[in-house]
Amino acid sequence: MGVTGPPGPVMDRDEVDRALARLGAEYEAIETSLLALQDHSGRRLLEGAELTGVTKERWAAAEASITLLWAYFDAYTDALRGAREIRSRRRWSSREDLVELTELLRGESVTVAGSATATANAPTLHGGSGKLSERFSLATLVDRMNELYATSLDMVVAADAVWSALPARIDLLAAELQRTRKLAHSVGVRPGEHPAGDDLERITRTLTQLREQVVSDPLAYWNPTPGSSAPGGGRPDTTVYDREARALEDVRREIDAVLTVRQDAEQRLIRLRDVLSRADRTLAEARTARGEVLAKIAATEVPVVSGPPTVLQEQLATAAEYRRHAQWHRLSPLLESLEQKAEDELLRARESLTAVTQPLAVRAELRGRLDAYKAKVARHGLAEDPFLIERYDAARRMLWSAPCDLRVAEQAVLRYQHAAAELLRAPRVPEQSGPEDRRGEDRA
């Protein structure tokens, strides 16, 4: 839709013909736009819908604007028809005809009657004075029609865009929601029994309400593009839809986890029993070792070995019960918790065994050190030294007797080491100790 030129002095015949041609083109463009608006799917939907909220308010204003728009167009049509009739009176228009045509084409010669109510309801026309009729120039009339058309089309296009986008997406999500609910029920995920079941109920309520609101008040879910002058500039507001779609995806992952539990529950239970059994055997070994340590090692604090926690066995029995009754939604979190606790229990049992057998490990290390030094002394030809033999026998009696005092035995081993080191460093007489061999002059 375009605009006409400004008013001016009396037009000549050529100016009149050019103006009429331009106005004719204006008329064709305006008529095409109005008919397109009349046939727009969004306008037809708005006329037949039970509207609420902001859409109801804006559609009432848009209807008034469209009514006024047609009234303006009819007045424009009549004015153009009158101008064409005057021009067609004679081939060469008279001065009087040209004056009349100039006034009609450039002056405020168009009267629109009975438009006061429509003008008052049209929000874009703030200049409406409530008069029973108004006078316009053809240029002003085109400007008014352009303004009314743009605002009406913007409202219609926005509503149609929301209706075209959101309800179909909501319906698809609702269908996916129903499939998820059936799957959830098959594994025992129900409202009041599992958080995911409660989430499904909430998503269902939200989607139902969202669809009702979108259908009755589409403009409440429209985000216009800031600064855009094009009709329908913007996009549907999908914030609520996107949030519920993400929530449903989270629920689907939860259901998948429960389904996975249903598929491998037996294997996981077998692995749990095996881990707990290994933990029990390790604790039993630790208790046996503690008795051995107490009998063989003296003056040593041996940590107490606790028994296996009965709570884990009880939870394992509960998990097996859940599996027998197909309560997968209960079994899933219990298995995850039990698997972690079982690994922790096995680690605790191993640490307990290590702590209990530490004195025996110390005794074994002292025995190995003593025998290593004896072998070293023998390589240097000092195996028959009486002093070393005495020190060795004293250390050996302490390490191989029960109960063994580790602190005293360690001191005895150190005395033997020191004595051996001193003899290895001391010079030897050839006839007493054989050929001199300094390869062994290393320190302990």
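The values are calculated or read from the model by the stated rules, or taken from the named source; none is laboratory data. The structure displayed is predicted, hence computed values, not measured ones. Cβ placement follows ideal geometry from the backbone for every residue including glycine, while neighbour counts extend to all protein chains displayed. Accessible surface is based on the protein model in full, side chains and every heavy atom, while ligands, DNA and RNA are left aside. Shrake-Rupley method; radii C 1.70, N 1.55, O 1.52, S 1.80 Å.
Only one of (1) under 60 Å from the mean Cα position of the chain (by Cα); (2) more than 30 Å from Trp222 (Cβ to Cβ); (3) without any contact (Cβ under 8 Å) to a residue 24 or more places away in the chain fails for Arg90. Which number is that? Among (1) under 60 Å from the mean Cα position of the chain (by Cα); (2) more than 30 Å from Trp222 (Cβ to Cβ); (3) without any contact (Cβ under 8 Å) to a residue 24 or more places away in the chain, the lone unmet condition for Arg90 is (1). Residues of the stretch 184-219 that are more than 22 Å from the chain's Cα centre (by Cα) and open to solvent by 50 Å² or more (accessible area, probe 1.4 Å): His185, Ser186, Arg190, Pro191, Gly192, Glu193, Thr208, Gln209, Arg211, Glu212, Gln213, Val215. Are any of the residues in the stretch 79-86 at pLDDT below 85 and not in a helix (DSSP H, G or I)? There is no residue in the stretch 79-86 that is at pLDDT below 85 and not in a helix (DSSP H, G or I). Taking the conditions (1) β-branched (Val, Ile, Thr); (2) at pLDDT below 85; (3) closer than 11 Å to Glu345 by Cβ in turn, Thr282 satisfies each one other than (2). Criterion first (open to solvent by less than 50 Å² (accessible area, probe 1.4 Å), within 27 Å of the chain's Cα centre (by Cα), β-branched (Val, Ile, Thr) and at pLDDT below 80) does Val162 satisfy it? Criteria not met by Val162. Selection over the stretch 19-58 of residues that are under 37 Å from the mean Cα position of the chain (by Cα) and closer than 15 Å to Asp160 by Cβ gives a count of 8.
Among the residues of the stretch 39-63, those that are surrounded by fewer than 21 Cβ atoms within 10 Å (Cβ to Cβ), of a type in the set (A, V, I, L, M) and under 14 Å from Ser152 (Cβ atoms) comprise Ala60, Ala61. Hey, does the stretch 120-132 have a residue that's at pLDDT below 65 and not in a loop (DSSP other than H, G, I, E, B)? Checking the stretch 120-132: at least one residue is at pLDDT below 65 and not in a loop (DSSP other than H, G, I, E, B).
Determine whether Arg330 is among the charged types (D, E, K, R) and touching a Gly at 6+ places or on another chain (Cβ under 9 Å). So Arg330 passes the test.
Taken over the stretch 281-297, the criterion of being in contact with a helix residue (DSSP H, G or I) (Cβ under 8 Å, 6 or more places away or on another chain) and open to solvent by less than 50 Å² (accessible area, probe 1.4 Å) is satisfied by Thr282, Leu283, Ala286, Ala289, Val293, Ile297. Can you name every residue in the stretch 68-108 that is farther than 28 Å from Gln38 by Cβ, open to solvent by less than 40 Å² (accessible area, probe 1.4 Å) and of a type in the set (Val, Ile, Thr)? Ile86, Thr102, listed by residue number.
Would the stretch 178-187 turn up any residue that is farther than 29 Å from Val214 by Cα, modelled with pLDDT under 85, among the aliphatic types (A, V, I, L, M) and not in a helix (DSSP H, G or I)? Among the residues of the stretch 178-187, at least one is farther than 29 Å from Val214 by Cα, modelled with pLDDT under 85, among the aliphatic types (A, V, I, L, M) and not in a helix (DSSP H, G or I), which makes the answer yes. Thr239 meets each of the listed conditions (1) over 30 Å from Tyr149 (Cβ atoms); (2) hydroxyl-bearing (Ser, Thr, Tyr); (3) touching a residue at least 60 places away in the same chain (Cβ under 8 Å) apart from (3). Scanning the stretch 395-418 for residues that are open to solvent by 50 Å² or more (accessible area, probe 1.4 Å), of a type in the set (D, E, K, R) and farther than 30 Å from Glu292 by Cα turns up nothing.
Taken together, the residues in the stretch 221-262 that are modelled with pLDDT of 85 or more, of a type in the set (A, V, I, L, M) and part of a loop (DSSP other than H, G, I, E, B) amount to 0. Sub-7 Å Cβ pairs linking a first residue in the stretch 291-305 that is closer than 17 Å to Met398 by Cα and outside any loop (DSSP other than H, G, I, E, B) to a second residue that is open to solvent by 50 Å² or more (accessible area, probe 1.4 Å) and modelled with pLDDT under 80, at least 6 apart or interchain, are Ala295/Ala402; Lys296/Ala402, ordered by first then second residue.
Among the conditions (1) surrounded by 14 or more Cβ atoms within 10 Å (Cβ to Cβ); (2) modelled with pLDDT under 60, the only one that Gly114 does not satisfy is (1). For the stretch 340-388, the set of residues classified as open to solvent by less than 60 Å² (accessible area, probe 1.4 Å) and closer than 30 Å to Ala184 by Cβ consists of Ala342 only.
The single condition among (1) in a helix (DSSP H, G or I); (2) surrounded by fewer than 19 Cβ atoms within 10 Å (Cβ to Cβ); (3) out of contact with any Pro (no Cβ under 8 Å at 6 or more places or on another chain); (4) not β-branched (Val, Ile, Thr) that Ala265 does not meet is (2).
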